[in-house]
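The values are calculated or read from the model by the stated rules, or taken from the named source; none is laboratory data. What you see is a predicted model; the values in this text were computed from it and never measured. Cβ placement follows ideal geometry from the backbone for every residue including glycine, while neighbour counts extend to all protein chains displayed.
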Amino acid sequence: MSQAHKLYEGKAKILYSTDNPEILLSHFKDDATAFNAQKRGQISGKGEINCAIASRLFQLLEAEGIPTHFIERTAPNQMLVKRVKILALEVVVRNIAAGSLCQQTGLPVGKVLPNPLVEFYLKNDELGDPLLTRDRLLLLELATPEQLNQLQEQALRINQILTAFFGRCDITLVDFKLEFGITSTQELILADEISPDTCRLWNQSETDPNRRIMDKDRFRRDLGNVEDAYQQVLERVNAHCSSSEQNS
């Protein structure tokens, strides 16, 4: 499928049109940002690693009945995806207290939540991606009440699948961010990516609070060994996806 002009460039990916108007080419970059792009840098090989992880996880979710925009991986750092209109929402699922949840509530880092917490944030860097109540979300007409219910249900189901899978990889899924889009046929599907950029992942074999981190918090907090942590996640995801395929 031929590559055409650039349609959009974000902090982590570039989207290109193809010769099919319903299909786009997503190119994963090595660029890294944090704190609403106030901190910028590069993580060597991140584009290829995240594209590989996202591809594997999208396929895993599709096999469990979760519709996604993923079509196929066409290069180490590129995948074909269905064209969608992205909702201006970030859907965050939290299993363990970390990050902004601790900063805003005083909960200690590492506290296991009694139930998964689903939160909605406005995708707007200028406003600092604020946390939204359901009423504010509806006031801004970011989604319909039906779509909100669907987002909540899908997020919790995705959490079940990913928590179990990462557990088999000896990784704890602390929290993660999802983005959804609407197709030309008005179907609500999972989009963007799932990777160490969008998840907090802790190595279950490590007890040290810094050494256990396998995600972008290593970049945010200048902990070093970012590339090694991302590569380790990829190796574990590949190993357990491959074993699942062999057993199916």
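Worth a mention:
- Here Ala97 passes the criteria (1) surrounded by 13 or more Cβ atoms within 10 Å (Cβ to Cβ); (2) at pLDDT 95 or above; (3) outside the structural domain of Ala143 (by TED's automatic domain parsing); (4) closer than 27 Å to Val174 by Cβ except the one numbered (3).
- Residue match in the stretch 21-30 (condition: crowded, with 21+ Cβ neighbours inside 10 Å and either assigned to a loop (DSSP other than H, G, I, E, B) or more than 15 Å from the chain's Cα centre (by Cα) (or both)): yes
- With respect to the stated conditions, Glu126 fails to be of a type in the set (Asp, Glu), out of contact with any helix residue (DSSP H, G or I) (no Cβ under 9 Å at 6 or more places or on another chain) and closer than 23 Å to Leu162 by Cα.
- All strands (runs of 3 or more DSSP E) inside the stretch 133-248 with 3 or more residues being under 28 Å from Ile23 (Cβ atoms) and in contact with a strand residue (DSSP E or B) (Cβ under 7 Å, 6 or more places away or on another chain): 171-182, 188-191
- For the stretch 71-83, filtered to residues that are in a loop (DSSP other than H, G, I, E, B) and out of contact with any Phe, Trp or Tyr (no Cβ under 8 Å at 6 or more places or on another chain), the residue that is surrounded by the most Cβ atoms within 10 Å (Cβ to Cβ) is Arg83.
- Some residue of the stretch 144-151 being within 17 Å of the chain's Cα centre (by Cα) and either polar (S, T, N, Q) or modelled with pLDDT of 95 or more (or both): yes
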